[in-house]
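J.: Just dropping this structure here.
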Amino acid sequence: MTDLESMKADKHNGHHSYHNNHDLVESEPLTWRFWRKQRYIVVLMAFFGFFNVYSLRVNLSVAIVAMTENRTVHDADGNISYEQDFPWDSKQRGLILSSFFYGYIFTQFLGGYIGTKVGGNLVFGLGIGTTAILTLLTPLAARHSLEMFLAVRIIEGVFEGVTFPGIHAVWARWSPPLERSRMASIAFAGNYAGTVIAMPSSGMLASRYGWPSVFYVFGTIGVIWLILWLLIVRAGPEKDRFCSKEECEYIQKSIGYTGPQTIKHPWKAIFTSMAFYAIIASHFSENWGFYTLLTQLPSFLKDTLNFDLGKTGFLSAVPYLAMGILLAVSGYLADWMQVKGIWTTTQVRRNFNCGAFLAQTVFMMLTAYIMDPTWSVIFITIAVGLGAFAWSGFAVNHLDIAPQHASVLMGIGNTFATIPGIVSPLLTGYIVGDSGDRYEWRLVFFISAGIYLVGCVIYWFYASGELQEWAKSPEQKAAEAEEKQLQLTQTTGFINTAADLKE
């Protein structure tokens, strides 16, 4: 491959590193024995980290059903009465479910900024670990007062808010460009594995051992993970004693890493970049539908479709099982299409993202119209599952357009994308009364479908998979100037040779 062809290949795939990624080959290629590559041990640990992120977040969605359930009590005289641990109405439940995001929204940017300074591994690990410790205190807070319960949930959100920006700082140091989609997608699949396990497990734990057990079990798992993460994962391959010298060099050359450097963020360029705003719009849209279902699906299944609490937990988990499986598929497929040159990075991000959004729009509307117990679960499962392809679009797009600034971009973007977590449960609480009327739920699904469609249109017109000019380092700009000079020299040489032959 000539230098000119190398330059074209890199540009075609959206990678502008001054190393040719296609010519970088490890002596031991990546196989199914992933544990021989330390970067995939990091991916595995990140997977379990995100497992905790979402299991600690969604367990309340199921537990709150048990916490507010009216139980029939028969006394010794045969009299029947009803008791309830917490007499919260639908508006109070909406406030409780959204309170987590009041804290979550404020630490997104901070998490990204700190991640670039001290290392994403510490930010990611301590964010999840502290949330786990607070989860262990949740039953005590709930019994104390509603205000204390809300305070603990808000503080949990503060610490968990740094996780997504923190992991982007990890990917910026660990993920070769042609493996970004699959590495990030495998790790993000932990979100849905956590949801799949937490929802039915929370239902079973609440039914058998009482609702406090939900918080004790998942809080303990989170603390154990924190200890393992701090022992195993480092900020970059050069700091990891388990990472071989060859793998370290391969990663660093593929991403163009030349050593520690002070990163200056071009704030004006960032906030005037349409490619960045396309990511924000897409992230907001995906999260609206996702958080609506994440927080409200158990209540919808129980109150409107009349499933009991045990089945509600299992059925609520089915859509996220589909998404977890499809995330691994979409990540591998996205990378494969780039490696084979079938689609450019921009085409992969745009087609995967917008195709998923259009499908989600359709199936959300079908759910709104049908309102049948079986078909509603099927349509919701398809809608959520296909969201996996959107995550291979916008969720890794920050690393395409500005890898050095990816954690900060994710922090800013996820700040806006957290708004649905606050607004959606509150809005649903006001739209849907305590009766769970299906016509009120229909409006909830229509709103989600419309937001998916708007996000699709914005991302289609403004998304990019190319490294942005404002995100290029001085070394990359110098290398590009050399490549252009080389191209000009070769072109001049071809012209002179042709002229000589003609004479």
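The values are calculated or read from the model by the stated rules, or taken from the named source; none is laboratory data. Given the structure is predicted, the values throughout are model-derived calculations rather than measurements. Positions of Cβ are generated from backbone atoms using ideal geometry, with glycine treated the same way; all protein chains shown enter the neighbour counts. Just so you know, the surface numbers come from the protein's heavy atoms only, side chains and all, with ligands and any DNA or RNA stripped out. Shrake-Rupley method; radii C 1.70, N 1.55, O 1.52, S 1.80 Å.
J.: Report, by residue number, each residue of the range 431-472 that is of a type outside the set (A, V, I, L, M, F, W, C), closer than 24 Å to Gly393 by Cα and open to solvent by 10 Å² or more (accessible area, probe 1.4 Å).
T.: Of everything in the range 431-472, those that are of a type outside the set (A, V, I, L, M, F, W, C), closer than 24 Å to Gly393 by Cα and open to solvent by 10 Å² or more (accessible area, probe 1.4 Å) turn out to be Gly450, Tyr462, Ser464, Glu466, Gln468, Glu469, Lys472.
J.: Considering only residues that are closer than 15 Å to Leu315 by Cβ and either touching a strand residue (DSSP E or B) at 6+ places or on another chain (Cβ under 6 Å) or assigned to a helix (DSSP H, G or I) (or both), which ones fall in the range 362-380?
T.: Thr367, Pro373, Thr374, Trp375, Ser376, Val377, Ile378, Phe379, Ile380
J.: Only one of Glu69, Glu83 is modelled with pLDDT under 80 and over 18 Å from the mean Cα position of the chain (by Cα); which?
T.: Glu83
J.: Oh, and also: Sort out which residues of the range 10-44 are open to solvent by 20 Å² or more (accessible area, probe 1.4 Å) and at pLDDT 85 or above, and write them in order of number.
T.: Listed by number, the residues that qualify are Ile41, Leu44.
J.: Residue by residue through the range 200-226, note down the ones that are more than 20 Å from Arg143 (Cβ to Cβ) and touching a residue at least 60 places away in the same chain (Cβ under 8 Å).
T.: Matches in the range 200-226: Pro200, Ser201, Gly203, Met204, Ile221, Gly222, Val223, Trp225, Leu226.
J.: A further question follows. Tally time: how many residues in the range 318-345 are among the polar types (S, T, N, Q), open to solvent by less than 20 Å² (accessible area, probe 1.4 Å) and touching a Gly at 6+ places or on another chain (Cβ under 7 Å)?
T.: 1
J.: Taking the criterion of being under 30 Å from Thr116 (Cβ atoms) and touching a Phe, Trp or Tyr at 6+ places or on another chain (Cβ under 9 Å), would at least one residue in the range 429-451 satisfy it?
T.: Taking every residue of the range 429-451 in turn, none turns out to be under 30 Å from Thr116 (Cβ atoms) and touching a Phe, Trp or Tyr at 6+ places or on another chain (Cβ under 9 Å).
J.: Restricting attention to the range 429-440, does a residue exist that is at pLDDT below 90, farther than 27 Å from Gly111 by Cα, among the polar types (S, T, N, Q) and outside the structural domain of Gln108 (by the TED database)?
T.: Checking the range 429-440: at least one residue is at pLDDT below 90, farther than 27 Å from Gly111 by Cα, among the polar types (S, T, N, Q) and outside the structural domain of Gln108 (by the TED database).
J.: For Phe106, work out the one condition from (1) farther than 19 Å from Gly194 by Cβ; (2) open to solvent by less than 10 Å² (accessible area, probe 1.4 Å); (3) aromatic (Phe, Trp, Tyr) it doesn't fulfil.
T.: (2)
J.: Being hydroxyl-bearing (Ser, Thr, Tyr) and within 14 Å of the chain's Cα centre (by Cα) is the filter; apply it to the range 169-202 and report the residue that is nearest to Val348 (Cα to Cα).
T.: It comes out as Ser181.
J.: Still on this model: Can you work out which of the residues in the range 209-225 that are more than 13 Å from Ala46 (Cβ to Cβ) and among the hydrophobic types (A, V, I, L, M, F, W, C) is most open to solvent (accessible area, probe 1.4 Å)?
T.: My answer is Ile224.
J.: Could you tell me how many of the residues in the range 229-243 are within 23 Å of the chain's Cα centre (by Cα) and either open to solvent by 80 Å² or more (accessible area, probe 1.4 Å) or small (Gly, Ala, Ser) (or both)?
T.: Summing the residues that are within 23 Å of the chain's Cα centre (by Cα) and either open to solvent by 80 Å² or more (accessible area, probe 1.4 Å) or small (Gly, Ala, Ser) (or both) in the range 229-243 gives 2.
J.: When you check Phe389 against the structure, is it open to solvent by 10 Å² or more (accessible area, probe 1.4 Å), over 23 Å from Met274 (Cβ atoms) and touching a Leu at 6+ places or on another chain (Cβ under 9 Å), yes or no?
T.: no
J.: Now for a different question. Given Ala206, Ala198, which one is open to solvent by less than 10 Å² (accessible area, probe 1.4 Å), closer than 30 Å to Ser55 by Cβ and of a type outside the set (Asp, Glu)?
T.: Ala198
J.: So, one more: Read through the list (1) without any contact (Cβ under 8 Å) to a residue 12 or more places away in the chain; (2) open to solvent by less than 10 Å² (accessible area, probe 1.4 Å); (3) among the aromatic types (Phe, Trp, Tyr), then give the number of the only condition that Phe394 fails.
T.: (1)
J.: Is one or more of the residues making up the range 123-139 part of a helix (DSSP H, G or I), open to solvent by less than 20 Å² (accessible area, probe 1.4 Å), over 19 Å from Phe416 (Cβ atoms) and free of Cβ contacts under 8 Å to residues at least 24 places away in the same chain?
T.: No, there is no match, as no residue in the range 123-139 is part of a helix (DSSP H, G or I), open to solvent by less than 20 Å² (accessible area, probe 1.4 Å), over 19 Å from Phe416 (Cβ atoms) and free of Cβ contacts under 8 Å to residues at least 24 places away in the same chain.
J.: For the range 141-193, which residues satisfy the criterion of being more than 30 Å from Tyr250 (Cα to Cα), at pLDDT below 90 and crowded, with 24+ Cβ neighbours inside 10 Å?
T.: Tyr192, the sole residue that qualifies.
J.: Kindly provide the set of residues from the range 107-127 that are of a type in the set (Ser, Thr, Tyr) and over 16 Å from Gln404 (Cβ atoms), ordered by number.
T.: Result: Thr107, single match.
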